[in-house]
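First comes the structure, then the notes that go with it.
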Amino acid sequence: MGLDQNIYIIKQNKEYGKDERYGEEFYYFRKVNSLQGFFEEKFNIDNCEYIEIDEDTIDDIITRCKVVLEYPKLADDVFPTTEGFFYGRYDYNQSYFEDVKDVYNCFSELKKLLNQLEKIYYTCWY
């Protein structure tokens, strides 16, 4: 068990079946509690809830990741770890910074694809 997080996308001009109302999986994260903390604080997300992501949210996450990767000592202020049942580790170690880089890469790719996407969702399960 643990914190599983997904980004789903709905592409423009693509038909989805009734069991695909949130589109197709774009990215999967495992126990990236800093990302979960961001969505809990900004959207008050609950377990298994789907939150639609807009361009401002994407930009905010990209900016936070850039700052943390350039200035690691600011991690606790800019993109802090978040405690929760099954959320994983809370220290700022190599694994944390690898996760931040993954988040940065995912959201940078989403930013590039914005004009091709109808909707983007974040969800979690723990």
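Which of rounded, prolate, oblate describes the stretch 67-126, given a ≥ b ≥ c as roots of the alpha-carbon gyration tensor eigenvalues and a/c under 1.5 marking rounded, otherwise prolate only if a/b is larger than b/c? In terms of gyration-tensor shape, oblate. Straight Cα distances below 22 angstrom link Lys18 to the lysines Lys119, with same-chain residues fewer than 8 positions distant left out.
Which lysines have a Cα lying under 17 Å from the Cα of Lys101, excluding residues fewer than 8 positions away in the same chain? Candidates past the 8-residue exclusion: Lys31, Lys66, Lys73, Lys111, Lys112. Measuring between their Cα centroids, the stretch 65-126 and the stretch 13-40 lie 14 Å from each other.
Counting every alpha-carbon pair across the stretch 3-126, the share separated by more than 18 Å comes to 51%.
Only helical runs count toward this figure. For the chain, summing -39,500 (n - 2.57) over DSSP H runs of n ≥ 4 and dividing by all residues gives -13000 deg cm²/dmol at 222 nm. With contacts defined as alpha carbon pairs under 8 Å and 6 or more residues apart, what's the relative contact order of the stretch 4-56 in percent? Taking the mean separation of contacting Cα pairs over the length of the stretch 4-56, I get 34 percent.
Where a number appears in this text, it was derived from the coordinates with a stated rule and is not lab data. In this text, all values refer to a predicted model and were calculated from it rather than measured experimentally.
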